[in-house]
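K.L.:
One structure coming up, written as structure tokens, with questions to follow.
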Amino acid sequence: MWLSRNCYKASNRRRKASALKLLFRSVHYLPTEDSDWFAAGILAQQLRAKGLTLPLTDVLIAVIAQRHAIKVLTLDKHFQHLPVEQFCGG
């Protein structure tokens with residue numbers, strides 16, 4: 001019983017790993033530029049002045065999305081406060 005359950009778990013992990021590899025191959029990487037970090041810092045400061053403290057990673061993603069004029073696919077509630085169009089904001 002123990003062996004078969006562990007074999008199932010290992011098989012399941014392999015399937016999930018394969019699915020993740022496929023997903024990541026279909027995602028385009030957008031490099032950051034120095035100006036993105038500067039803009040993210042400014043935006044984070046503006047948000048903090050309004051009483052919102054958001055993770056810098058989320059702010060940076062929003063800035064990069066703006067620069068490329070693309071939507072962000074996310075369920076993260078922080079993006080409701082960021083100037084970016086969401087594809088699937090839940």
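K.L.:
Determine by what factor the alpha-carbon radius of gyration of the chain differs from 2.2 N^0.38 Å, reporting the quotient.
P.N.:
Output field value: 1.52.
K.L.:
Quickly rank 22-33, 75-86, 58-69 as a protection proxy: mean count of other C-beta atoms within 10 Å, highest first.
P.N.:
58-69, 75-86, 22-33
K.L.:
For the chain, what's the relative contact order in percent, using C-alpha pairs closer than 8 Å and at least 6 residues apart?
P.N.:
18 percent
K.L.:
So, for the stretch 20-90, what is the accessible surface per residue at a probe of 1.4 Å, expressed in square angstrom?
P.N.:
Heavy-atom accessible area per residue stands at 73 Å².
K.L.:
Rounded to the nearest 500 deg cm²/dmol, what is the calculated helix-only ellipticity per residue at 222 nm for the chain, with -39500 (n - 2.57) per DSSP H run of length n ≥ 4?
P.N.:
Numbers: 3 runs with 54 residues, N = 90.
Rounded to the nearest 500, the figure is -20500 deg cm²/dmol.
K.L.:
Once neighbouring chains are kept in place and the probe is 1.4 Å, which whole percent of the accessible area of the stretch 39-90 is contributed by carbon and sulfur?
P.N.:
59 percent
The values are calculated or read from the model by the stated rules, or taken from the named source; none is laboratory data. Just so it is clear, the structure is predicted and the values come from calculations on it, not from any experiment. All Cβ positions, even for glycine, are placed from backbone atoms using ideal geometry, and neighbour counts span all protein chains on display. The accessibility values were calculated without ligands, DNA or RNA, using every heavy atom of the protein model including side chains. Shrake-Rupley method; radii C 1.70, N 1.55, O 1.52, S 1.80 Å.
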